[in-house]
Amino acid sequence: MGLEHTIAVAMGASWVSGIKLYAGVAMLGLLSRFGQLQLPGNLEFLTSWWVIGIAAALYVVEFLADKIPLIDSIWDTLHTFIRIPAGAALAFAAFGDYDVEMQGVAFLLGGGIAASSHGTKSVTRAAINTSPEPFSNITASLIEDGVAVGAIALAAYYPAILIGLVIVAVLASIIIIPKLIRFLRNAVSGLSGPPEAT
């Protein structure tokens, strides 16, 4: 299996992990099960029907939770401690056929990529969740579902495009996250109102 394919699967799995971990794991397992994607390194465990089934069940829970603003924000906060380590672990496992140094680099980069996508998703959704209407939150969630499934499909059919997409997405995250954090700070300041005169 070539290095480009391994990099694409590792980067794609890490990036999707930060957005929709369970959908990504289920897709990787299903695509491999049906012969559409050869999983590199030590990722073959994802083809277990147990892993696919549990990931799919958790995705259904996430799909529902993700559509309700308050639950979505709580879900994203809790998943900071799941998505980022999972992204690092998936990248590490993808490089199972390479030496320890390569695996270590994959682990660090995988965690960083997952952190960038998770950070962008969480801050963006927190900003969207400030809106009183539910439709923007539901739309954003459905777009994320499509992005996650589409990215894993690219790993199977167009790995070079996926690598480019992830690089652009990480660079965009570096630009977008600080701006979204400023927006949220301003929104919170606006909710608290001006200080009372003494």
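The values are calculated or read from the model by the stated rules, or taken from the named source; none is laboratory data. Because the structure is a prediction, the values reported are computed rather than measured. Note that we place each Cβ from the backbone using ideal geometry, even for glycine, and neighbour counts take in every protein chain shown.
Structural remarks
- Residues being touching a helix residue (DSSP H, G or I) at 6+ places or on another chain (Cβ under 7 Å) and modelled with pLDDT of 80 or more - total across region 166-198: 7
- Residue count, region 60-73 (criterion: under 11 Å from residue 125 (Cβ atoms) and modelled with pLDDT of 90 or more): 0
- Selection count, region 137-166, where residues are more than 13 Å from the chain's Cα centre (by Cα), in contact (Cβ under 8 Å) with a residue 12 or more places away in the chain and more than 19 Å from residue 28 (Cα to Cα): 3
- Residue identified as assigned to a helix (DSSP H, G or I) and at pLDDT 95 or above among 119, 112: 112
- Among (1) surrounded by fewer than 20 Cβ atoms within 10 Å (Cβ to Cβ); (2) without any contact (Cβ under 8 Å) to a residue 40 or more places away in the chain, the one test that residue 92 misses: (1)
- Index of the failed condition, residue 133 passing every other in (1) buried (at least 18 other Cβ atoms within 10 Å of the Cβ); (2) free of Cβ contacts under 8 Å to residues at least 60 places away in the same chain: (1)
- Residue 41 being over 18 Å from residue 118 (Cα atoms), over 18 Å from the mean Cα position of the chain (by Cα), surrounded by fewer than 24 Cβ atoms within 10 Å (Cβ to Cβ) and without any contact (Cβ under 8 Å) to a residue 12 or more places away in the chain: no
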